[in-house]
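Student: Pasting a structure below so you can have a look.
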Amino acid sequence: MADPAISDERIAQVLGLYARMANRVIGDPGRWLGLDDDPPPTAAFPRKALDAIRDRAFGEVTPASPAWGQRPQAERVRWWVRRIGVSAGLAAAVPRVAGALASRFPLQAALGASAAGLSVCATARELGVVEPDRWVPLLAKVLLDRDVTPRPVTAPEGDAAAATLDEDVAPKEAKGFGPGARRAASTLWHLSRQIWELQSVLDERPRGNVLFRTIAQVPVVGLAGGFLDERGGIKRAAKETQKLLA
């Protein structure tokens with residue numbers, strides 16, 4: 001349900017800045033979404049497991065590969081859904097370790113919406129909508145179920161929003177994980193900060209299976225349920241974007 005306290009103009013402004021940041025992430029997925037570093041032989045199990053998932057899901061042809069444009073459009077979209085699902089989806093699910101308590105904090109909704117928003121932007125770009133400002137109506141409809149008119153973002157605003165991604169996104173080692181996983185978490189955190197003020201309408205964001213959401217209410221194992229829930233939301237966001245652009 002729409003929150004009249006947040007105007008369409010303000011939503012367009014917030015999502016416009018988010019889109020500029022998302023464009024930077026999508027333009028260099030290896031850096032911002034992480035999971036591009038090979039673990040050393042002494043790496044802990046979580047990092048080795050994530051590396052194995054990455055190798056199976058992403059393959060050798062990426063947006064940076066010369067052959068990328070030759071791949072079918074549907075395959076390119078699926079690549080982004082998998083990539084965002086593994087990296088941003090996992091980062092968004094981390095608070096679910098606390099079980100039902102996670103849903104009481106606005107952080108969870110903002111993280112989930114930010115991950116789904118990346119799916120919207122990446123899908124739109126692969127479908128030929130490459131300008132970030134044109135992603136705004138799609139983001140508003142898919143994430144918030146609102147119809148808004150794009151608001152052009154001035155260069156200083158857009159540059160400042162994108163520059164915040166450099167804060168804390170450094171190749172430092174996170175306990176049990178590699179720098180790639182840390183960069184993915186930091187990136188999603190900065191994106192979620194951009195849409196924090198929209199938390200009252202983020203309940204409209206795409207979600208996964210109800211069963212996964214139920215599992216996510218259980219402490220500790222809620223991480224697995226939360227990951228499947230957020231990944232489902234990322235997939236649904238891509239499908240809804242495709243329908244809007246059909």
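The values are calculated or read from the model by the stated rules, or taken from the named source; none is laboratory data. This is a predicted model, so every value here is computed, not measured. Glycine also receives a Cβ, built like all others from the backbone with ideal geometry; neighbour counts cover every protein chain displayed.
Student: Right, LEU138: at pLDDT 85 or above and buried (at least 17 other Cβ atoms within 10 Å of the Cβ) or not? Spell out how you get there, then give the answer.
Tutor: Details: at pLDDT 85 or above: yes; buried (at least 17 other Cβ atoms within 10 Å of the Cβ): yes.
In short, yes.
Student: Suppose we keep only residues that are among the polar types (S, T, N, Q) and over 12 Å from THR123 (Cβ atoms) within segment 68-93. Which one would you say is modelled with the highest pLDDT? Quick ask: steps written out before the conclusion?
Tutor: Taking segment 68-93 first, the residues among the polar types (S, T, N, Q) are 70, 73, 87.
Imposing the further condition that a residue be over 12 Å from THR123 (Cβ atoms) reduces the set to 70, 87.
Numbers: GLN70: 90, SER87: 77.
My answer is GLN70.
Per-residue answers, yes or no, for (1) modelled with pLDDT under 55; (2) in contact with a Pro (Cβ under 8 Å, 6 or more places away or on another chain); (3) crowded, with 18+ Cβ neighbours inside 10 Å:
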| site | (1), (2), (3) |
| --- | --- |
| MET1 | yes, no, no |
| ILE11 | no, no, yes |
| VAL14 | no, no, yes |
| LEU17 | no, no, yes |
| VAL25 | no, no, yes |
| PRO29 | no, yes, yes |
| GLY34 | no, yes, yes |
| GLU60 | no, no, no |
| PRO66 | no, no, no |
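Student: While we're here: Only one of ARG96, ARG56, ARG47, ARG104 is over 21 Å from LEU138 (Cβ atoms), in contact with a Phe, Trp or Tyr (Cβ under 6 Å, 6 or more places away or on another chain), of a type in the set (Lys, Arg) and modelled with pLDDT under 75. Can you tell me which?
Tutor: Working: ARG96 fails: in contact with a Phe, Trp or Tyr (Cβ under 6 Å, 6 or more places away or on another chain); ARG56 fails: in contact with a Phe, Trp or Tyr (Cβ under 6 Å, 6 or more places away or on another chain); ARG104 fails: in contact with a Phe, Trp or Tyr (Cβ under 6 Å, 6 or more places away or on another chain).
Criteria check complete, one pass: ARG47.
Student: How many of the residues in segment 217-246 are at pLDDT below 70, in contact with a Ser or Thr (Cβ under 8 Å, 6 or more places away or on another chain) and buried (at least 19 other Cβ atoms within 10 Å of the Cβ)?
Tutor: So the count comes out to 1.
Student: Here's another thing I want to ask about it. Name the single residue, out of those in segment 170-207 being in a helix (DSSP H, G or I) and over 19 Å from MET21 (Cα atoms), that is modelled with the lowest pLDDT. Before you say what the answer is, go through the steps one by one.
Tutor: Pass one, segment 170-207, residues in a helix (DSSP H, G or I): 179-194, 196-204.
Then drop every residue that is not over 19 Å from MET21 (Cα atoms), which leaves 179, 200-201, 203-204.
Details: PRO179: 56, SER200: 80, VAL201: 81, ASP203: 75, GLU204: 73.
My answer is PRO179.
Student: Report, by residue number, each residue of segment 129-149 that is in contact (Cβ under 8 Å) with a residue 24 or more places away in the chain, within 28 Å of GLY69 (Cβ to Cβ) and assigned to a loop (DSSP other than H, G, I, E, B).
Tutor: If the condition is that a residue be in contact (Cβ under 8 Å) with a residue 24 or more places away in the chain, within 28 Å of GLY69 (Cβ to Cβ) and assigned to a loop (DSSP other than H, G, I, E, B), then VAL129 is the only one that fits.
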